[in-house]
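The values are calculated or read from the model by the stated rules, or taken from the named source; none is laboratory data. Every value quoted in this text rests on a predicted model; they were computed, and no experiment measured them. Cβ placement follows ideal geometry from the backbone for every residue including glycine, while neighbour counts extend to all protein chains displayed. The protein model used for the area step is the full one, side chains on, heavy atoms only, and it has no ligands, DNA or RNA in it. Shrake-Rupley method; radii C 1.70, N 1.55, O 1.52, S 1.80 Å.
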Amino acid sequence: MGFGVRWCRWIRTCISIVQFSVLVNGSPADFFRSLRGLRQGDRLSPMLFLVMMKVFNKMMKRVKVASLLRGFRADGRRGERVCVSHILFADNTILIHDADEEHILHVRMLLCFQTVTGLKVNALKSEKVPIGEVPNIHVLAEILGCRIGSLPMTYLSMPLRASYKSPTIWNPILEKIERKLAGWKKIYLSKGGRLMLLKSTLSSLPTYFLSLFTIPTLVTNKIERLQRDFLWGDSKTHLVGWDKVCAPLENGGLGVRKLTNFNKTLLGKWLWRFGVEETRFWRRVVALKFGEEWGGWTSKLDRGVHGYGLWRSI
């Protein structure tokens, strides 16, 4: 890929001098050298992985040009078309293709890049997920040697094909908050300590979901009730109203984030990104499906019935 000889030597050194030690009955044993690889958690690891996956990305594009694979097609209102065949994020990869045995064989041939790069696809962690009715799904999964999944499912901690309005998708967030707000913790913390925990840790827990989904009122009430009970401890009477607690410090409040306002702010960021990220792939897909208004600063309002609820809510 054009890296200098010295750089390649540095990388080879980094992945060839790693030593490990294993805990045996709680005590570290002698160190032994690894033939290749980096320590778990090494910051160099994801960067090298992206360099390797660039090879796979180029191979996928060549296969698409040769019409050997077809992905999901997003058709525009003026006849334009965008094809989504694969999505790469960190060390996760999604391949989108037709339920055709010949296409699966082409995918299997593409995975030969692991022989060139030294990477290995973990079939035990891989799934083939059918969209709609796929009668030959078992045959397709057997060709690749992977498991069969189903929708709705979770990918990168985000629900796929689940109703974004359903309070049940917020259950993992509520469980995490309840664990953080275990009753014994407030016994050993002052009110200042509880406030700090609320502002630093608990306010950031639902941020991942809040940046994409409109939070239901029922979930908002549950989270804020947990926060109120934790802040005021065993006191049955809350000394200050919650709106006052969520007010900024300069206005006499305690600066705790109001979930509803925080949710609207995070969703509004997508509208800003739609206006400024003109070349991003996600933006091109949305613009194709809905069109553009105001010189590209907003998409047209969708008037369809099915499939567009999430973007309409944003």
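The combined condition, being within 18 Å of the chain's Cα centre (by Cα) and of a type outside the set (D, E, K, R), is not fulfilled by residue 166.
Within the range 2-42, the residues that satisfy the criterion of being farther than 15 Å from residue 118 by Cβ and at pLDDT below 85 are 17, 19, 20, 33, 39, 40, 41, 42. A residue that is outside any helix (DSSP H, G or I), open to solvent by less than 40 Å² (accessible area, probe 1.4 Å) and farther than 25 Å from residue 130 by Cα occurs somewhere in the range 195-206. Taking the criterion of being buried (at least 17 other Cβ atoms within 10 Å of the Cβ) and not in a loop (DSSP other than H, G, I, E, B), the residues of the range 207-219 that qualify are 209, 210, 219. Within the range 203-216, the presence of a residue that is out of contact with any strand residue (DSSP E or B) (no Cβ under 8 Å at 6 or more places or on another chain), of a type in the set (Ser, Thr, Tyr) and farther than 29 Å from residue 166 by Cβ is excluded. Within the range 126-175, the set of residues being among the basic types (Lys, Arg) and at pLDDT below 85 comprises 161, 165.
Filtered by the rule that a residue be outside any helix (DSSP H, G or I) and open to solvent by 90 Å² or more (accessible area, probe 1.4 Å), the range 168-194 gives a lone residue, 188.
Figure legend. Inter-residue proximity from the range 160-184: first residues in contact (Cβ under 8 Å) with a residue 12 or more places away in the chain and within 16 Å of residue 217 (Cβ to Cβ), second residues among the aromatic types (Phe, Trp, Tyr) and open to solvent by less than 70 Å² (accessible area, probe 1.4 Å), beta-carbon distance below 8 Å, spacing 6+ or different chains. Indicated pairs: 164/213; 169/209; 169/213; 170/209; 173/209.
May I ask you to verify whether residue 147 is in contact with a strand residue (DSSP E or B) (Cβ under 7 Å, 6 or more places away or on another chain) and either within 30 Å of residue 100 (Cα to Cα) or touching a residue at least 12 places away in the same chain (Cβ under 8 Å) (or both)?
Spelling it out, residue 147 is indeed in contact with a strand residue (DSSP E or B) (Cβ under 7 Å, 6 or more places away or on another chain) and either within 30 Å of residue 100 (Cα to Cα) or touching a residue at least 12 places away in the same chain (Cβ under 8 Å) (or both).
Consider the range 148-167 and keep the residues that are in contact with a Phe, Trp or Tyr (Cβ under 8 Å, 6 or more places away or on another chain) and open to solvent by 30 Å² or more (accessible area, probe 1.4 Å). The one that is nearest to residue 133 (Cα to Cα) is 164.
Take the conditions (1) loosely packed, with under 15 Cβ neighbours inside 10 Å; (2) within 18 Å of residue 177 (Cα to Cα); residue 222 misses just one of them, which is (1). Within the range 233-285, the set of residues being within 21 Å of residue 201 (Cα to Cα), free of Cβ contacts under 8 Å to residues at least 40 places away in the same chain and open to solvent by less than 70 Å² (accessible area, probe 1.4 Å) comprises 242, 245, 246, 247, 248, 253, 258. Close Cβ contacts (under 7 Å, 6 or more residues apart or on different chains) running from residues in the range 95-109 that are closer than 13 Å to residue 131 by Cα to residues that are hydrophobic (A, V, I, L, M, F, W, C) and open to solvent by 40 Å² or more (accessible area, probe 1.4 Å) comprise 96/72.
Of all the criteria given as (1) at pLDDT below 85; (2) touching a Ser or Thr at 6+ places or on another chain (Cβ under 6 Å), the one not satisfied by residue 123 is (2).
Please determine whether any residue of the range 124-139 is of a type in the set (S, T, N, Q), in a strand (DSSP E or B) and touching a Leu at 6+ places or on another chain (Cβ under 8 Å). No. Residues in the range 292-314 that are under 18 Å from residue 80 (Cα atoms) and modelled with pLDDT of 80 or more were compared, and the one that is surrounded by the most Cβ atoms within 10 Å (Cβ to Cβ) is 299.
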